[in-house]
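Notes to accompany the following structure.
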Amino acid sequence: MNRYKILFLIIFLSLGTLYGQDLASIEYDSEKLEKIISRDAKVEVLADGFQFTEGPYWIQKEQMLLFSDVPGNKVYKWTEEGGAEVYLDPGGYTGSVERGGFKGPNGIILSNQGELLICQHGDRRIARMDAPLEAPETDYVTVAGKYDGKRLNSPNDLFQTPKGDIYFTDPAYGFEKGPQDPARELTFSGVYKMDKGGNVLLLLDSIEQPNGIAVFPGGKKMLVANSNMRKKRIYEYVLDKDGNITDGRIFADLSDVSAPGLCDGLKIDKKGNVFATGPGGIFIYSKEGEKLGKISMNGITAANCALSPDEKTLYITAQQNLLRLKMR
């Protein structure tokens, strides 16, 4: 075999490892996980070459997945027909002064009215895209930008209740000079509720770096991930009829897991099963907190995930990659 054929074989095998079954492995701690993820399920790469992917959200009407490139300051869309394409540029920082860091968009949802809401690190707000989904424009309207007269840090993730309340986390990842940036106005990282009247209410200021946030079916409990190196935890909070916190506990503590990554984005399916990114991959729990298993990532760190409407497919953002796991 000549050297060119050897080189081709090496490249082919390398791509096979990246794009094939060795990209991730699934660990089954309970037979209950087999009802969620089949034994022959494999993680595949849909797109790569980004800076740091986050905030995946499936939009059924358009048959597209939107996701963020946070340092790249862009929102991308992925479709089966067209692959990955730029959807919004800029997506999170619209200032005229050039800057670096995690300046771009992060969490993305559709509002109850079908409007696109984006957590914008650089602009330090939750913004609404003032354009139709099928004809995106970088025209943004501030939905939430201040608490107690002070600018937010860098909104990270969010969800909206059927009643119209928006819950969101506000860590300090988006500052160019880090948490000690002189531009920072709030001394804490908060978890907030914005009611349908536009009032921003502080729910928690005790989590070091609140990140992923999601609500259980029924709206009586929610989870918040803490992206703290020492306290790699997911907290569960009980919500009263007005959507305020009445009690809390540690849902999962991954502080002793010695693998790359922190507790980051998470999603909850219609049965209350939790898909939570953490050190080494995506941890899957029952609604009671029983660990059912893990999608163990090999060589890359998962930051967030999203479920398809039928909950048979999991989309994963992991560093420079967009991944997909057809679970059933």
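Here are a few things to note about the model shown:
- Positions within the stretch 275-328 being among the aromatic types (Phe, Trp, Tyr) and under 23 Å from GLY72 (Cα atoms), in sequence order: TYR315
- Of all the residues in the stretch 53-75, those that are without any contact (Cβ under 8 Å) to a residue 60 or more places away in the chain, over 23 Å from GLN113 (Cβ atoms) and either part of a strand (DSSP E or B) or among the acidic types (Asp, Glu) (or both) number 2.
- Against the list (1) within 25 Å of LYS35 (Cα to Cα); (2) surrounded by 22 or more Cβ atoms within 10 Å (Cβ to Cβ); (3) of a type outside the set (Ser, Thr, Tyr), the condition ILE268 fails is (2).
- Output for the stretch 93-116, where each listed residue is buried (at least 21 other Cβ atoms within 10 Å of the Cβ), in a strand (DSSP E or B) and not polar (S, T, N, Q): PRO105, GLY107, ILE108, ILE109, LEU116
- Selected residue (criterion: nearest to ILE282 (Cα to Cα)) from residues of the stretch 210-219 that are touching a Lys or Arg at 6+ places or on another chain (Cβ under 9 Å) and outside any strand (DSSP E or B): PHE216
- Residues located in the stretch 61-81, provided they are under 16 Å from ALA135 (Cα atoms), surrounded by fewer than 19 Cβ atoms within 10 Å (Cβ to Cβ) and of a type outside the set (Lys, Arg): GLU62, GLN63, THR79
- Scanning the stretch 281-306 for residues that are surrounded by fewer than 20 Cβ atoms within 10 Å (Cβ to Cβ), in contact with a strand residue (DSSP E or B) (Cβ under 7 Å, 6 or more places away or on another chain) and either among the small types (Gly, Ala, Ser) or not in a loop (DSSP other than H, G, I, E, B) (or both) returns SER286, GLY289, LYS291, SER296.
- Unmet criterion (only one of (1) under 29 Å from ALA259 (Cβ atoms); (2) out of contact with any Ser or Thr (no Cβ under 6 Å at 6 or more places or on another chain); (3) without any contact (Cβ under 8 Å) to a residue 40 or more places away in the chain) for ASP139: (1)
- Qualifying positions in the stretch 65-101 - among the hydrophobic types (A, V, I, L, M, F, W, C), closer than 20 Å to ALA172 by Cβ and touching a strand residue (DSSP E or B) at 6+ places or on another chain (Cβ under 9 Å): VAL70
- In the stretch 291-328, the residue that is farthest from ALA84 (Cα to Cα) out of those that are touching a helix residue (DSSP H, G or I) at 6+ places or on another chain (Cβ under 8 Å) and either modelled with pLDDT of 95 or more or among the acidic types (Asp, Glu) (or both) is LEU292.
The values are calculated or read from the model by the stated rules, or taken from the named source; none is laboratory data. For clarity, every value in this text was computed on a predicted model and none was experimentally measured. We place every Cβ from the backbone using ideal geometry, glycine too, and count neighbours over all the protein chains shown.
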